[in-house]
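Step one of this worksheet: look at the structure below.
Derivation of every value follows stated rules applied to the coordinates shown; laboratory data play no part. For clarity, every value in this text was computed on a predicted model and none was experimentally measured. Ideal geometry is used to build each Cβ from the backbone, glycine not excepted, and the neighbour counts take in all protein chains shown.
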Amino acid sequence: MKKFLRAMILAALFAACTVTAYASSSELEGYPVTVSDWDTPAVFAAGKDWPITTWYLYAGDGSVLGSIPNQTVMELSRQHPSGSIQWETWLAEAFNEYRQINDTMQTDEDCIVQETEPVKPQPNPELPEGKAQAEKFDAEPLTLEAFGLINEARTENGLHEVVLDEEAMELAKMRVPELEERYGHTRPDGTRMSQTYRCAEIINRRASTPQIAVESWLDSPAHREIILDERYHSAGVACRKGADGVTYWCMLFYK
């Protein structure tokens, strides 16, 4: 939370030292984009008010790298009417592409494609370390904290709390490894949790803390609608750090 507050303070300062430009060679082409940092990769986008008027792009340490008007996002959403886009990550990737920070990009199939030159197979000393970090990752306290933050948001909006459901917890734990394999609401086998298990699913990747995960969900209109739906009475949540060092989140809601 301290990092998030620090980001809010920095956002108030960057107006004096930013450059407003128009995106090129990316999905943001022709739209107004404000950039305050051309070098640091963005990991997620979020608003600071509700309804959202401006989307801010954040680095991994919570610092603000730039912004995009919500009107732009609304226009982009009309170009992608499927409703399956997770804007907090999509905007970050488009913002990186605009600034020509193109280490990776997300395809329409929600898989990661490397844009660097092909490298001959060779031992990677970082891979075992990444796996070791994933094995040491203690997910339970993080998921319980995220669950509590979700209920705080519900009670603040006059709703009842959702009850922690063990079956939903197990299903969410099943889903997070799948998100590392294929990120999106379509599972690797082509099915969807909403169809198979009759539940609502919200997902996230790259959120390093429960606070960032829940804030990004609440800043996304589609995810916020699910979280604050009075028809849901139970839920389960899980998170997992993949071998790539990215933290994946999944939360399932039941009526």
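General remarks:
- Hydrodynamic radius of the range 139-254 per Kirkwood, over alpha carbon pairs, in Å: 13.9
- GluC sites (Glu not before Pro) lying in DSSP loop within the range 207-255, provided at most 14 other Cβ fall within 10 Å: 230
- Pairs from the list 136/173; 173/241; 48/173 with a Cα-Cα gap above 22 Å: 48/173.
- 3J(HN,Hα) along the range 46-52: 7, x, 10, 9, 9, x, 5 Hz, from the Karplus curve 6.51 cos²θ - 1.76 cosθ + 1.60 with θ = phi - 60°, whole Hz, x for Gly and Pro.
- Between residue 152 and residue 100, the modelled labels are 4.2 nm apart [label points 7 Å from Cα along Cα→Cβ].
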